[in-house]
Each structure stands twice: as C-alpha cells, then as structure tokens.
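Below is one structure, written out as structure tokens; comments come after it.
The values are calculated or read from the model by the stated rules, or taken from the named source; none is laboratory data. Because the structure is a prediction, the values reported are computed rather than measured. No Cβ is skipped: glycine too gets one built from the backbone with ideal geometry, and neighbour counts run over all protein chains shown. Only protein heavy atoms, including side chains, enter the accessible area calculation; ligands, DNA and RNA are left aside. Shrake-Rupley method; radii C 1.70, N 1.55, O 1.52, S 1.80 Å.
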Amino acid sequence: MSENSTIKKIGVFTSGGDAPGMNACVRAAVRTCIYFGIDVYGITAGYDGLINNRIAPMTAASVGNIIQYGGTILKTARSKEFRTVEGRAMAYKNLKEHGIDALVAIGGDGTYTGALAFSKEYDIPIIGCPGTIDNDLAGSDFTIGFDTATNTAVDAIDKIRDTADAHNRVFFVEVMGRHSGHIALNAALAGGAEGVFIPEKENEFTELVNFHKNKRREKQFSIFVVAEGDEQGRAYELAKAYQEHFPEADTRVTVLGHIQRGGKPSANDRILASRLGAHAVKGLLEGKHGVAVGVINQEIVYTPFQDAIYGKKDINENLWVMNCILTRS
Ligand code: F6P
C-alpha cells in the first residue's frame, strides 16, 4: 500500500475535549504507521503543540499499556491561536522542519474545523478521527467516547434512582451534550428515566407537565434527564419550573459534568477507536485527504470535513418515539 504513496512521516494528535478511547485510537494510528514502514510523530496538546513545536517521534512501545485508559497520553487543548492565520503558518513551518507529510487529527467539530482551514491553506493531507463524547459528528454512527460516557451516565442514574426511591424524590440529572441530546436520550432510555429534555426536540417540558397534571404516576419518585444544551433550560431551571407546577414534589438536581469524560473506555469504544485510528493511516496512504474516517453500518467510510462538521447528525428518531411510548403510558 505505502509503495505508491509519497507519505513517509505522519503526525498524530488529539484535540478538543478528551474522550475515553482516544488512547486506543492513538495506539492504532501509531502501530499502523509502523506496520507500513512510516515514521510516526506524536504532537502534544493538539494544535497548540503544532504551533509550539511539541513534536516527538513515537514507537510501538510508546503506545504500549494505554488502551485501557481514559484521557489521552498526547494531552489535548482547545487552541485559540490555531484559529489565526499566523498560528497556522507557524504550525506548518514546524511540520515542514520535521519533514511531516500528513496528519491524523483525533477530536470533535473544533478539531475538524481547524483541519479544514489548515488543509485549504496548505498542501498537507489530513484525516480526522471522530473523538467526542457528544456523538454529534456526521460521517460515523458513533464517535469515540460516546459509548463510555453513556454508560457512565447510566451508572450514575442507577445510583440516583436508589436514593430517589428511598426518599420519594424527583431528580433532574444533567448530562453533557453542548448542542446535542445523544447522551441524554440514550442514558434516559437505558436508565429508565421518566422524561428527557434534549435540544433536538421542543416543548418536552410543557408536555411533561401537562401529562403529570392529568395522569400522575402512582410511583412517587421520578428521574428526568436533561442535556446541558437543552433550549428549555438546564437542570436547575427545569427543576425550579417543575417545583412551581408541583409544589408537593421534593426536587433535587445532579449535574454529572466531567465525570462523563473520564474513565476506562468500554470495549465498544476501544474497538471503534482502533478501527478508526488504523483506517485513518490507511486512508492517508491510499491518497485520501481532507476527510474524516467513520463507521456507518459497520463499514469504514470517509466523509469530507465540511459534511462531517455541518451535516448535523440528528438523534435516532426510533429511540425518541420509543422513549415517548415508555414515558407516557
Ligand atoms: O464536546 C465535549 C464536551 O464534553 C461537551 O459535552 C461539553 O459541553 C464540553 O465538552 C465541555 O468542555 P470543557 O471541558 O472545555 O469545559
């Protein structure tokens, strides 16, 4: 495969919010490079590391014993400087000094946006791997970290359920998802929540209040899951509004926050990340560039950065309908 390719040195980095499974992706990218006789460099702290020349060779051993860990051994950052023309010029200069021909960029929409700008300005092939717990990128059914984050949220909901039941309380549990309800909807379904509030759907709060006014469940406790990006309000606001409608309810809020970003990646995330890291390198060696690698219906696909960023991935409508059936019966 690499005989026809002019690429001899590939740089790998992680960028944006970390996601469990990023290490597995780095490991796969590094080892695939080595398998094909390509020199591989690790760039520390994403685009900031490119600008500040934090670039060092990696070996098969440097990615040993990392597949099971959350976080990222390459560190990560959200770089303001890379948004400037000067920052990108410095990054390109550093890459050329190291003789790096191509990049594997692991991250979310900010990472893809940076890669798109960079590849428009400079002749440097880049392939992105979707690494974000939000699962909000088109071009892959799932993103690295989503499965683990959802399992973390479900685990927390199970625990909250115990205390909610013991005290007959109503809990609003806020999960991550800056502009998306993928974690919220999946965690609500798996956690048996009584309702879920997500940015993709409108008026769920009003509908829920009306439903509870007309047909209050016999069960005295309830769990509602709120995506942090929900336009009707965040968990504290919704809990307050709920309390106003139901003064007798004993309401509490739990914001899960960054606990969802850490921890041991699930087997699904490790496998997905390994496939994506390996196919990012293979794609570069086959001459692909300016694209994100993904898995759709179990098959590897490559999607232009533009489409992966702007082709918003909607929530699974079937899951939404099922959620409505299960919570309104
Ligand atoms: O994009 C991933 C994500 O975890 C979002 O769900 C969340 O809104 C954001 O990152 C938090 O970012 P930070 O770690 O910079 O506070």
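Going toward the positive end of the dipole of segment 147-261, with +1 on Lys and Arg Cβ and -1 on Asp and Glu Cβ, which of 225, 181, 168 do you reach last?
Positive-end residue among those listed: 168.
Which values, in whole Å and largest first, are the semi-axes of the equivalent ellipsoid of the chain obtained as the square root of 5 times each eigenvalue of the Cα gyration tensor?
After diagonalising the Cα gyration tensor, the semi-axes are 42, 18, 17 Å.
Test of understanding: extend the Cα→C-beta vector of residue 65 to 7 Å, then name every residue of segment 256-293 with backbone N under 18 Å from that spot.
264-265
Is there a quick way to get the dipole size of segment 177-329? I mean about its Cα centre, with the Cβ of Lys and Arg at +1 and of Asp and Glu at -1; what is the value in debye to the nearest 20?
460
Taking all protein chains in place and a 1.4 Å probe, what share, in percent, of the accessible surface of the chain do carbon and sulfur account for?
51
Kindly write out, for segment 254-262 in residue order, the coupling ³J(HN,Hα) from the Karplus curve 6.51 cos²θ - 1.76 cosθ + 1.60 (θ = phi - 60°), rounded to whole Hz, with x marking Gly and Pro.
10, 9, 6, x, 5, 4, 6, 8, x
How do 310-322, 166-178 rank on mean C-beta neighbours within 10 Å, highest first?
Those peptides, ordered most packed to least, come out 166-178, 310-322.
Whole number in Å², please: accessible area per residue of segment 147-261, 1.4 Å probe, ligands, DNA and RNA not counted.
45
What residues qualify as long-range amide H neighbours of residue 131, i.e. H under 5 Å apart, gap of 5 or more or another chain, H built at 1.01 Å from N?
Hits under the 5 Å cutoff: 107, 108, 144.
Using modelled backbone amide H atoms (1.01 Å from N, in-plane), which distant-in-sequence or interchain residues come within less than 5 Å of residue 254's amide H?
Under 5 Å from the amide H of residue 254: 172, 173, 174.
In degrees between 0 and 90, to the nearest 10, how far off the longest principal axis of the chain does helix 267-285 point, with axes built from Cα atoms?
On a 0 to 90 degree scale, this one is about 30.
Mind listing the long-range amide H neighbours of residue 200? Cut-off is under 5 Å, sequence gap 5 or more, other chains count too, H placed in the peptide plane at 1.01 Å from N.
181
How big is the antiparallel share of DSSP beta bridges in the chain, given as a percent to the nearest 5?
20
Relative contact order for segment 147-261: what percent, with Cα pairs under 8 Å and sequence separation of 6 or more?
Relative contact order here is 39 percent.
Using unit Cβ charges (K, R positive; D, E negative) and no other charged atoms, how large, in debye to the nearest 20, is the dipole of the chain about its Cα centre?
660
How large is ³J(HN,Hα) for each residue in segment 198-213, as worked out from phi by the Karplus curve 6.51 cos²θ - 1.76 cosθ + 1.60 (θ = phi - 60°), to whole Hz, x for Gly and Pro?
Taking θ as phi minus 60°, the curve returns 9, x, 6, 10, 10, 6, 5, 5, 4, 4, 5, 4, 4, 4, 5, 5 Hz for segment 198-213.
Can you list, largest first and rounded to whole Å, the semi-axes you get for segment 147-261 by taking the square root of 5 times each eigenvalue of its Cα gyration tensor?
21, 16, 12
Just need the relative contact order of the chain here, percent rounded to a whole number, with Cα pairs under 8 Å and 6+ apart.
Computed over the chain, the figure is 24 percent.
Quick check for you: with a 1.4 Å probe and neighbouring chains kept, what is the accessible area per residue of segment 279-329, in Å²?
54
What is the packing order of peptides 125-137, 288-300, 36-48, taking the mean over residues of other C-beta atoms within 10 Å and listing the highest first?
125-137, 36-48, 288-300
Report relative contact order for segment 230-329 in percent, whole number only (criteria: Cα-Cα under 8 Å, sequence separation at least 6).
Over segment 230-329, the number comes to 12 percent.
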